[in-house]
Amino acid sequence: MKPYVSTDRADLWLADSLEVYPRLPSESFELVICDGPYNLGIEGEEWDKVADLVALYEPHVTEWDRLCKPGASVYLWGSERGWPLLHPLMLRHGWRFQSLIVWDKGSAPSQKCSREAARNWPIASEVAGFYTRDPWNQTAATGPA
């Protein structure tokens, strides 16, 4: 296995990340941007339906612990449903919560006033939990519970 594209500054892999992680040196990352499954349930695409979102992410977060330098940052993209499930996982791994970023994808289309319409709002936003690893205090794990 080799990188799909390599430059003097980065490698791009076209592979399962769990197969690539072991090939990478410890403390070599300063930034992780994760945009994995959101687990949107019945509204989501078939590939996005995950039985246990935390179990899916656990091996990735464990590898980030090894791969990230002290002071690294993680942007964990997801939905308003998935992020609360993953937040405690990040805290358990010693990541410090900094903020929740909301991407407003634009106004939701207007809906007719009915009971069914009021129960089926379109997904009009995504969120990213922004976490850092404090280089001076690796045990810092604060943020909303």
Extreme residue, nearest to R66 (Cα to Cα), among residues of segment 2-16 that are open to solvent by less than 80 Å² (accessible area, probe 1.4 Å) and of a type outside the set (A, V, I, L, M, F, W, C): D16
Tally, over segment 32-77, of residues that are under 12 Å from the mean Cα position of the chain (by Cα) and either loosely packed, with under 11 Cβ neighbours inside 10 Å or modelled with pLDDT of 90 or more (or both): 17
Enumeration of residues in segment 50-92 that are within 18 Å of S125 (Cα to Cα) and basic (K, R): R81
Hits in segment 17-31 (condition: over 23 Å from S79 (Cβ atoms) and either open to solvent by 40 Å² or more (accessible area, probe 1.4 Å) or modelled with pLDDT under 90 (or both)): E19, P22, R23, P25, S26, E27, S28, F29, E30
Residues located in segment 79-101, provided they are open to solvent by 90 Å² or more (accessible area, probe 1.4 Å) and either modelled with pLDDT of 95 or more or assigned to a strand (DSSP E or B) (or both): R92
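The values are calculated or read from the model by the stated rules, or taken from the named source; none is laboratory data. Just so we're clear, the structure is a prediction, and the values are computed from it rather than from any experiment. With ideal geometry, Cβ positions are generated from the backbone for all residues, glycine too; neighbour counts draw on all protein chains shown. Ligands, DNA and RNA are excluded from the accessible area calculation, which covers all protein heavy atoms including side chains. Shrake-Rupley method; radii C 1.70, N 1.55, O 1.52, S 1.80 Å.
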